[in-house]
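Inspection log for the structure reproduced underneath, given as structure tokens.
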Amino acid sequence: QVQLAESGGGLVQAGGSLRLSCAASGSIFSFNFIMGWYRQAPGKERALVAQISGGGATNYADSVKGRFTISRDNAKKAVYLQMNSLKPEDTGVYSCNARYYTMNIWGKGTLVTVSS
């Protein structure tokens, strides 16, 4: 089994930065997993923010391009989301996701609140 644990959320003013971390545990976790960060804003459905393959290929939502950076450390079984120039519309619960074939695993999420 693979478990994911997010950390790093909190309250920040608009224009500020936060770095989210996701730690994976479990013997079957490997670099083959596609890792992603999703955001569920208040009153909205969960949506992809950023995604990274085992080889480092990345994909971002248009709304965060140029501001957010996803990275991973396969040796540490960790994925990160560096968020800069935060906006109030970035507020939401950020969840870490790991996918590999039929496995689709979610963390519990961490709340990010950006004040104006």
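The values are calculated or read from the model by the stated rules, or taken from the named source; none is laboratory data. The structure displayed is predicted, hence computed values, not measured ones. Cβ coordinates were reconstructed from backbone atoms using ideal geometry, including for glycine residues, and neighbour counts include every protein chain displayed. Just so you know, the surface numbers come from the protein's heavy atoms only, side chains and all, with ligands and any DNA or RNA stripped out. Shrake-Rupley method; radii C 1.70, N 1.55, O 1.52, S 1.80 Å.
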Could you list, in sequence order, all residues of the stretch 1-27 that are under 20 Å from residue 101 (Cα atoms), polar (S, T, N, Q) and in contact (Cβ under 8 Å) with a residue 12 or more places away in the chain?
-> 1, 3, 25
Test residue 59 against the criterion of being among the polar types (S, T, N, Q), touching a strand residue (DSSP E or B) at 6+ places or on another chain (Cβ under 6 Å) and without any contact (Cβ under 8 Å) to a residue 24 or more places away in the chain, and give yes or no.
-> yes
Members of the stretch 87-104 that are crowded, with 20+ Cβ neighbours inside 10 Å and under 14 Å from residue 24 (Cβ atoms) = 95, 96, 97, 98
Six or more apart or on different chains, Cβ under 9 Å: which pairs go from a residue in the stretch 68-89 that's within 16 Å of residue 3 (Cα to Cα) to one that's open to solvent by 40 Å² or more (accessible area, probe 1.4 Å) and among the acidic types (Asp, Glu)? Could you list them?
-> 79/73; 80/73
So is residue 84 surrounded by fewer than 17 Cβ atoms within 10 Å (Cβ to Cβ) and closer than 16 Å to residue 19 by Cα or not?
-> yes
Criterion violated by residue 30 - all others in (1) touching a residue at least 24 places away in the same chain (Cβ under 8 Å); (2) among the hydroxyl-bearing types (Ser, Thr, Tyr); (3) more than 18 Å from residue 12 (Cα to Cα); (4) part of a strand (DSSP E or B) satisfied | (4)
